[in-house]
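The structure under discussion appears below in the form of structure tokens.
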Amino acid sequence: MIGIGLRQVQEALNRKADEIQREFVAASERLEEIGRKMLEAAEDERRQMRAEQTALRERQQVLAEEINVWRERGRRVLTRPGQVSLRAHLNELLALEDPGVTPAVKHAIYLLDAPEEELERLSASAERSVETPAGRLLKRARTEYDMRGTDPGPRLRSAVEFANRAGMAQDDDALQEIEAALQDADPLVRETAALTAIQIHKFRSLRIADLDLAHKSTQRLAQIKYPAAIPVLVEILEKPRTGYVNGTKGPEERDNGRSRMVALLRLVEWHTGEAQKALRARQFDRDPNIVKAAARALDLFPGEWTGPLTPTGSLRPRG
């Protein structure tokens with residue numbers, strides 16, 4: 001039973017990190033807006049914009065460190081060895097007096113101190129009601145009439161709604177459950193899982209500040225053998241952005257060039273008209289490696305792209 005309580009604490013800590021993440025994303029969007037405006041601004045306005053850029057980047061540095069701190073607090077909740085160490089960590093969290101975290105921490109401490117009979121009662125109640133959000137989505141894909149039809153619209157809408165739920169795109173357990181269903185025997189469950197995984201990886205690849213995690217999501221997105229991944233890969237390729245990776249001395253600012261290259265190479269394998277159009281648009285990209293790779297691919301395959309390259313096999317879902 002204490003495991004459920006600790007899971008709730010971890011979710012509260014991750015929600016806190018998500019709040020800071022949204023502020024980081026807003027700062028990134030403002031930086032992109034300033035970059036566009038500077039091209040046409042007068043010199044006085046550019047000086048003001050450069051000052052704002054500096055302030056925003058400094059703020060992003062602070063936010064990146066805060067995000068890492070809250071995520072690490074969440075990880076430590078489930079890895080503290082022994083009850084003494086766990087209780088000390090919970091007391092540290094309690095001392096933060098964060099309104100979004102404190103109730104879950106108090107509940108976990110209550111479960112640590114609850115008598116055995118109370119824990120048995122709570123455990124029995126939880127076992128009757130527990131069902132994960134991902135499990136409910138997949139169950140709907142198996143049983144609900146609108147999710148079982150020939151129109152993929154309801155499955156896509158459910159995937160988007162699931163990925164957009166607060167904190168869900170950061171929930172590794174939910175993503176693991178969804179990705180496991182990519183091998184399900186039911187083709188409509190596989191399709192729902194693929195659409196949902198694509199939406200989650202889209203959020204991670206394009207919005208989270210931690211570029212190491214974003215890159216892992218881009219790599220996993222590239223492995224999904226479903227055509228709905230193509231427009232997301234195009235969006236990753238078309239959107240250079242900055243974020244942070246964990247360096248030896250803390251967060252270091254980097255760009256997402258390596259993720260964009262993964263997206264580009266996978267688009268070559270998909271070999272569709274949409275993919276070809278995206279590569280043609282990269283001839284004036286800010287990253288010379290992207291320009292070179294796109295030009296090379298277009299030289300190698302000069303005709304119209306009409307489907308997946310033969311060496312990759314069929315990239316469409318089974319069934």
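Where a number appears in this text, it was derived from the coordinates with a stated rule and is not lab data. Just so you know, these numbers come straight off a predicted model, no measurement behind them. Methodologically, a virtual Cβ is constructed for each residue, glycine included, from the backbone with ideal geometry; neighbour enumeration extends over all protein chains shown.
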Put a dot 7 Å past each Cα toward the Cβ at residue 97 and residue 242; how far apart are the dots in nm? 3.6
How long are the three semi-axes of the equivalent ellipsoid of the chain, in whole Å, if each is the root of 5 times an eigenvalue of the C-alpha gyration tensor, listed from largest down? 38, 30, 15
Between residue 106 and residue 186, what's the calculated FRET efficiency when r is the beta-carbon distance and R0 is 45 Å? Round to 0.05. 0.60
Go ahead and set up a Gaussian network model of the chain, Cα springs under 10 Å, then flag whichever of 212, 255, 44 fluctuates most. 44
Provide the FRET efficiency to the nearest 0.05 for the residue 131-residue 291 pair, computing r from the beta carbons and using R0 = 45 Å. 0.35
For residue 212, placing the label point 7 angstrom along Cα-to-beta-carbon and taking the stretch 237-264, residues whose amide nitrogen sits under 11 Å are 245-252
Between residue 52 and residue 26, what is the label-point separation in nm under the 7 Å Cα-to-beta-carbon projection? 1.5
Among 298, 206, 96, whose mean-square fluctuation peaks in a Gaussian network model of the chain (Cα, cutoff 10 Å)? 96
To make sure I understand the rule: partners must be aspartates and glutamates, Cα under 16 Å from the Cα of residue 277, and not fewer than 8 residues away in the same chain. Which ones qualify? 235, 238, 269, 285, 299, 304
Once you've got the GNM for the chain with C-alpha springs shorter than 10 Å, pick whichever of 112, 213, 31 has the biggest mean-square fluctuation. 112
Using R₀ = 51 Å, calculate the FRET efficiency as 1/(1 + (r/R₀)^6) where r is the Cβ-Cβ separation of residue 143 and residue 249; round to 0.05. 0.45
Can you give the three extents of the C-alpha atoms in the stretch 1-105 along their principal axes, from longest to shortest, in whole Å? 62, 21, 18
Select from 174, 160, 215 the residue farthest towards the positive end of the dipole of the stretch 159-229; place +1 on Cβ of Lys and Arg, -1 on Cβ of Asp and Glu, and compute about the Cα centre. 215
Give me the percent relative contact order of the stretch 133-312, please, defined on Cα pairs under 8 angstrom at least 6 residues apart. 14
For the stretch 197-239, diffusion coefficient by Stokes-Einstein and Kirkwood Rh (Cα), 10 °C, 1.306 mPa s, µm²/s: 159
Normalised alpha carbon radius of gyration of the stretch 222-262 [divisor 2.2 N^0.38 Å]: 1.44
What's the magnitude of the charge dipole for the stretch 133-312 around its Cα centre, counting Lys and Arg as +1 and Asp and Glu as -1 at the beta-carbon? Answer in Debye, nearest 20. 220
Nitroxide proxy distance, nm - points 7 Å out along Cα→Cβ at residue 284 and residue 85: 5.7
Relative contact order for the chain: what percent, with Cα pairs under 8 Å and sequence separation of 6 or more? 14
Which values of log₁₀ I(q)/I(0), to two decimal places, follow from the Debye formula for the stretch 166-278 at q = 0.18 Å⁻¹ with a uniform point scatterer at every Cα? -0.89
